[in-house]
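The values are calculated or read from the model by the stated rules, or taken from the named source; none is laboratory data. The structure presented is a predicted model; accordingly, all values stated were derived computationally and were not measured. Backbone-built Cβ (ideal geometry, glycine too); neighbour counts: all protein chains shown. Surface accessibility is based on the protein's heavy atoms, side chains included, excluding ligands, DNA and RNA. Shrake-Rupley method; radii C 1.70, N 1.55, O 1.52, S 1.80 Å.
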Amino acid sequence: QVQLVESGGGLVQAGGSLRLSCAASGRTFRTYAMGWFRQAPGKEREFVARINWSGSFLSYADSVRGRFTISRDNAKNTVYLQMNNLKPEDTAVYYCAADSSTFGATIAGEYDYWGQGTQVTVSS
């Protein structure tokens, strides 16, 4: 079993940056693909980015490509989401999730474990 804890959210002005972290428990972290999702009020949870177990495969939603970067450090059992040039429409609760498939999925329902989420608010 994998337990996930996100951190790094906060309030930032448009154009600013934040770095989210997701710390995982369990020795099997390195075997999981990891994903970041977000959910704004009144909207469905949406895919943001994913990374395979080794970090050799990355994938992004069109809305964040070129601004966000996903990475992982298996020695620290941590996955990161660097968010640059933030926009008000990026405001949401951000969740990390673990998926036992090879590359991870873009569909939330495919993930096995979820963190509790961290709030990101971007002011205009």
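With all protein chains present, how much of the accessible area of segment 2-114 (probe radius 1.4 Å) comes from carbon and sulfur, to the nearest whole percent?
The C+S portion of the solvent-accessible surface of segment 2-114 is 48 percent.
Provide the net charge surrounding VAL79, with neighbours chosen by a C-beta distance below 15 Å and charges set as Lys +1, Arg +1, Asp -1, Glu -1. Write out the running numbers ahead of the final one.
Working: positive: ARG19, ARG30, ARG38, ARG50, ARG72, LYS76; negative: GLU6, ASP73, ASP99, ASP112.
Summing Lys/Arg as +1 and Asp/Glu as -1 gives +2.
Please tell me the relative contact order of segment 10-108 in percent, rounded to the nearest whole number, where contacts are Cα pairs under 8 Å and at least six residues apart.
Contact order relative to length: 41 percent.
Apply the Karplus parameterisation 6.51 cos²θ - 1.76 cosθ + 1.60, with θ equal to phi minus 60°, to every residue of segment 99-116 and state each ³J(HN,Hα) to the nearest whole Hz, in sequence, with x for glycine and proline.
10, 7, 6, 5, 10, x, 10, 9, 10, 4, x, 7, 8, 8, 9, 9, x, 8
Over the Cα atoms of segment 44-124, Rg to Rh with Kirkwood Rh, two decimal places?
My calculation puts Rg/Rh at 0.94.
Summing +1 for each Lys or Arg and -1 for each Asp or Glu, what net charge is found among the other residues whose Cβ lies under 10 Å from the Cβ of SER100?
On the way: positive: none; negative: ASP99, GLU110, ASP112.
Local charge sum for SER100: -3.
Highest GNM mean-square fluctuation, the chain, Cα pairs closer than 10 Å: which of ASP90, ASP99, ASP112?
ASP112
Using a 1.4 angstrom probe, figure out how much accessible area segment 1-105 has per residue, in square angstrom, rounded to the nearest whole.
So segment 1-105 comes to 49 Å² accessible per residue, rounded to a whole number.
What range in the chain is the longest one free of trypsin sites (Lys or Arg not before Pro) that are in a loop by DSSP and have at most 10 other Cβ atoms within 10 angstrom?
Looking at the chain, 44-124 is the longest stretch - no exposed trypsin sites (Lys or Arg not before Pro) with at most 10 other Cβ atoms within 10 Å.
Please compute the net charge surrounding ALA40, taking Lys and Arg as +1 and Asp and Glu as -1 over other residues with Cβ under 11 Å from its Cβ.
The answer is -1.
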